[in-house]
Every structure is written in structure tokens, then in C-alpha cells.
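The values are calculated or read from the model by the stated rules, or taken from the named source; none is laboratory data. This structure is a prediction, so every number in the text was calculated from the model and none was measured. Don't worry about glycine lacking a Cβ; one is built from the backbone with ideal geometry, like all the others, and counts go over all protein chains shown. Ligands, DNA and RNA are stripped out before the accessible areas are found, and what is left, the full protein with its side chains, is counted by its heavy atoms. Shrake-Rupley method; radii C 1.70, N 1.55, O 1.52, S 1.80 Å.
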Amino acid sequence: MVTAICHVRHGNISSGLAMSRTFRSLAFIASNTDEAQASRNDLIRLYGHTEPAEADVIVALGGDGFMLQTLHDTMNSGKLIYGMNRGSVGFLMNDFSTDSLPERIEVAVENEFHPLKMTTSNTDGSVSFALAINEVSVLRQSYQAAKLRVVIDGKVRLEELICDGLMVATPVGSTAYNLSAHGPILPLEAPLLALTPVSAFRPRRWRGALLPDKVTVVLEVLEPEKRPVNAVADHTEVKSVLRVEIAQSEDTTARILSDPDRSWSDRIIAEQFSD
């Protein structure tokens, strides 16, 4: 048996402590690596297996990429996801162990959050939609830098930004691509988004901005024929966009469990003091 979570909201993240509602079934899913598949088989032998559609908690075995895909697949399903690292970095995962898994899940802390919704207007006249847990980014498609206009809640904040790219990152994603582009690490509880440039050329000294998580960001592509731009929401890429709108998706929710001694908040704080 595992215990549900009472969660308290902070910005676009909510977390909480265990309470008394009882779950009865676990599903085990794994990435395609030999290590992850072998771990799945071991856990099924120990604890049994329920199909993910019927399970109360889904145990995901793999790396951060597999966890992101699992969260995308289970958004708005009400499923709780408990990840164990069978990949490399495993920032989003708990440590792997076959011991006392139901007890670990029983005391796990839930992190519930809303992803970003990306809406693009494309050069072929189509409109595309995608969700992002980590970040939405626009990236140059050719050898020439992109030219972008940055509009926040209807007000132009940068008339022209020349850069290799620009991203809007969530607190969850602030330690991923955002960090490698020298963006700030955001505590999970912070009601903020990071607007971070990739190799900004003009304005030369602009390093990005911190925005409230309720804003709508619009990125308009200037000179799209000469300087084509792609838009990416996590693993979904749209080529040759004219306009990208980014806002938090209030009606979409993902739920992930973390061990209380290795919470996401603690991991993000620790990341700021790591090498």
C-alpha cells in the first residue's frame, strides 16, 4: 500500500506531506537500456505489476529524458510518477534500490506542476501546439543569427534581439538547457520563469530576465526568410516559425514523487553549490 499526498501550492509548483489515502497498485515502466529493463524485471518479481492505465503509481526507470517523456504521457491522468535513476545524471529521479519500495513511496513527497504551452504560427500558414516541462526555446535554423522581437503581456520589451536563440525556462527546467546557457537556477517554489538568451549579440550586455510565471511571452521572428527560426518545447520541434506564444498551461498538470531526503527543492539548492 502507498499513501497519497496533500499538496500546498507555491507558484507553478505544489508540494506536500503524506496523508492517509491508500493506493494498492504499482506499474513499472523502463527505458530501452539493458540496465533499466533488467531493473524493471527485478522489481516486477518482487512487487508484481499492474498495467499503467490501471495503476495508482507508475514507477519509471531510466534517466531524465525518460522521466520527461513519462510526465508528458501522463499529464492530466491523475497518475503519480515515482522515478528511479537508471540513466546518467538523473536529476529528476530518485536513487535506485529494490528494497522497501512501497515504504519509500508511502512517505514520498508530491510535486505537482503546470507545464508551459507553446503556440506557434508557422511560415506555411499552420498553427502548432506543444507542452514543455523544462523550457520552450527558439533557435536559429541557418548560419545567420536570429532576429527576434520580445513582447511580454502585450508590451514590447526588446524591439530587436540578435542571438542564436532564446528560451523561457520553468523552475523544473532551470537546471537543464537554461543553466548551460548561463541562466539562473530557480527554486521550485518560486513563481518565476527564466527568459534566457543563447549567445546574444545585440543588445550585447543583455543577460536575460526573470518573469512572473503568469505572464504571456510572445517572440516575433524578424526577417524569417533570411533568418529562419525553429521552436522547441522539450522534445517537440516546429520548423520555420513566425511567432511563438508561451504561457503557463493552467489546465494541465503533471505529478511526480520524490524521496523526502532528496526533494527537488533540495536538489536545486544543492545544484547552486556544485562544481
Calculated from backbone phi, Karplus (6.51, -1.76, 1.60) coupling profile of the range 93-104 in Hz, x at Gly/Pro: 10, 8, 5, 7, 7, 8, 7, 6, 4, x, 5, 5
Label-point separation in nm, R262 to L139, each point 7 Å along Cα→Cβ: 2.9
Isotropic mean projected area of the C-alpha convex hull, the range 110-162 (nm²): 5.5
DSSP-defined antiparallel bridges as percent of all bridges, the chain, nearest 5: 85
In Hz, Karplus ³J(HN,Hα) per residue of the range 113-125 (6.51, -1.76, 1.60; θ = phi - 60°; x = Gly, Pro): 8, 9, x, 8, 9, 9, 10, 10, 9, 10, 5, 8, x
Candidate aspartates and glutamates - alpha carbon under 13 Å from K79, same-chain residues fewer than 8 apart omitted: E51, E54, D56, E110, E112
Length gained when the stretch D95-T50 is fully extended (0.36 nm per residue, less Cα-Cα span): 14.0 nm
Dipole magnitude of the chain, debye to nearest 20 (Cβ charges: Lys/Arg +1, Asp/Glu -1, about Cα centre): 940
Inter-label distance for R157 and D73, nm, one decimal - labels placed 7 Å from Cα along Cα-to-Cβ: 3.5
Projected-area average for the range 77-147 over all orientations - Cα convex hull basis, square nanometres: 8.3
Overall Cα dimensions of the range 205-254, principal axis frame, Å, largest first: 37, 30, 16
Rounded if a/c under 1.5, otherwise prolate or oblate - the range 93-196, Cα gyration tensor axes: prolate
Residue-normalised accessible area of the chain, expressed per residue, 1.4 Å probe, Å²: 46
Förster radius 22 Å - calculated FRET efficiency between E237 and S88, Cβ distance, rounded to 0.05: 0.45
Sulfur and carbon atoms: percent of accessible area, the range 86-187 [1.4 Å]: 50
Rg over Rh [alpha-carbon atoms, Kirkwood Rh] for the range 133-275: 0.99
Inverse of mean 1/r across different Cα pairs in the chain, Kirkwood, Å: 19.6
